[in-house]
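Visitor: Pasting in a structure now, in structure tokens, and then I'll have a few things to ask.
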């Protein structure tokens, strides 16, 4: 974020020949950059919100919300260390095994992608970060999205 600081001062000058006093406004300005902490948020995408209907348990929704809250900005990654799992248990007020069961449900239903202790929130549904970075991740084809229409299954490749 760029900020601009401008100062003005009035300079009085006396003409040595006529003795006339003139006033001149002199302004100086400085421009500087400052970092502003990004507001905490995550985005839910309406095209995919119908899939949330599949989450019938408030427990699973609470775990998903907690994951979204602690996810890394612009990646959607949560490193599921034992300390992070404890934090999710604290945030949701759930027991460790209940959180583990919920993570399994969320993975099975493609809300999250699990890989070697790392959980990535599916950016098709939720995102925390810049939309440009989300588009880049989706373009790179790191996800497979399946949409069910009745009895037929479509794969977007």
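Visitor: Mind counting the residues in the stretch 111-120 that are part of a strand (DSSP E or B) and either over 10 Å from residue 67 (Cβ atoms) or modelled with pLDDT under 90 (or both)?
Guide: 4
Visitor: Of the numbered conditions (1) closer than 30 Å to residue 140 by Cα; (2) surrounded by 14 or more Cβ atoms within 10 Å (Cβ to Cβ), residue 89 fails exactly one; give the number of that condition.
Guide: (1)
Visitor: If you go through the stretch 100-110 one residue at a time, do you hit one that is closer than 23 Å to residue 139 by Cα, in contact with a strand residue (DSSP E or B) (Cβ under 6 Å, 6 or more places away or on another chain) and in a strand (DSSP E or B)?
Guide: Within the stretch 100-110, none of the residues are closer than 23 Å to residue 139 by Cα, in contact with a strand residue (DSSP E or B) (Cβ under 6 Å, 6 or more places away or on another chain) and in a strand (DSSP E or B).
Visitor: Continuing with the same structure: All but one of (1) assigned to a strand (DSSP E or B); (2) surrounded by 14 or more Cβ atoms within 10 Å (Cβ to Cβ); (3) modelled with pLDDT under 90 hold for residue 48; state the number of the condition that does not hold.
Guide: Unmet condition: (1).
The values are calculated or read from the model by the stated rules, or taken from the named source; none is laboratory data. Predicted model, so just to flag it, every value in this text is computed and none were measured. Positions of Cβ are backbone-derived with ideal geometry, glycine not excepted, and every protein chain shown enters the neighbour counts.
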